[in-house]
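The values are calculated or read from the model by the stated rules, or taken from the named source; none is laboratory data. Please read these numbers as outputs of a predicted model, since none were measured by experiment. When we count neighbours, we look across all protein chains shown, and the Cβ atoms used for this are built from the backbone with ideal geometry, even at glycine. The protein model used for the area step is the full one, side chains on, heavy atoms only, and it has no ligands, DNA or RNA in it. Shrake-Rupley method; radii C 1.70, N 1.55, O 1.52, S 1.80 Å.
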Amino acid sequence: FANPGTSEMHFVAALDAVAGLRPVLGLAEGAVTGAADGYGRIAGRPAAALLHLGPGLANGVSNLHNARRAHTPVVAVVGDHATFHKRLDAPLESDIDALAGTVSCWVRRSWRPEDVGPDAAAAVAAARRAPGGVATLVLPADASWSPGGRV
């Protein structure tokens, strides 16, 4: 379930190239995180929610809180500004890692393209680990658009 912004477009394009994945776009982060919580509860396996930057995470945090309390397996992928842009303190800049920590059993930031695949696999494993929970992967834009990632 996705409510992507510009910093996540390369990640969304990559998802479209994977057979067996069916991204579902949502109009707002609350709808996306609520759908992921519901799907994870019904399916008993991790659902994914793609959110735009820290404000997008903040808009969906109430449903991620509910997922955490219910031990629902959810992988929250939160896009972030490119690493070289962080120092400019853009208007949508925020401490995503700290905010994610309030509702997640696991938080990691992929710093390099070659980290994204292993970090995503680790996020799924963390969400599935008993009793289940929200695992948040923070994905800076340049980690998804730069060459060097592995399948």
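Assorted remarks:
- Boolean, LEU57 is of a type in the set (A, V, I, L, M) and surrounded by fewer than 17 Cβ atoms within 10 Å (Cβ to Cβ): no
- TRP145 meets all of the listed conditions (1) open to solvent by 50 Å² or more (accessible area, probe 1.4 Å); (2) modelled with pLDDT of 95 or more; (3) within 21 Å of LEU25 (Cα to Cα); (4) not hydroxyl-bearing (Ser, Thr, Tyr) but one, namely (2).
- Residue check, ALA28 surrounded by fewer than 17 Cβ atoms within 10 Å (Cβ to Cβ), among the small types (Gly, Ala, Ser) and over 20 Å from ARG128 (Cα atoms): yes
- Filtered by the rule that a residue be among the polar types (S, T, N, Q) and in contact with a His (Cβ under 7 Å, 6 or more places away or on another chain), segment 5-38 gives a lone residue, SER7.
- Among residues of segment 1-48, those that are small (Gly, Ala, Ser) and within 29 Å of PRO147 (Cα to Cα), counted: 11
- Of the criteria (1) within 16 Å of ALA141 (Cα to Cα); (2) under 13 Å from the mean Cα position of the chain (by Cα), which one VAL74 fails: (1)
- All of (1) open to solvent by less than 40 Å² (accessible area, probe 1.4 Å); (2) among the aliphatic types (A, V, I, L, M); (3) not in a helix (DSSP H, G or I) hold for VAL116 with one exception: (3).
- Scanning segment 119-141 for residues that are assigned to a helix (DSSP H, G or I) and either surrounded by fewer than 22 Cβ atoms within 10 Å (Cβ to Cβ) or in contact with a Leu (Cβ under 6 Å, 6 or more places away or on another chain) (or both) yields ASP119, ALA120, ALA121, ALA122, ALA123, VAL124, ALA125, ARG128.
- Every condition in (1) in contact with a strand residue (DSSP E or B) (Cβ under 6 Å, 6 or more places away or on another chain); (2) in a helix (DSSP H, G or I) holds for ALA98 except the one numbered (1).
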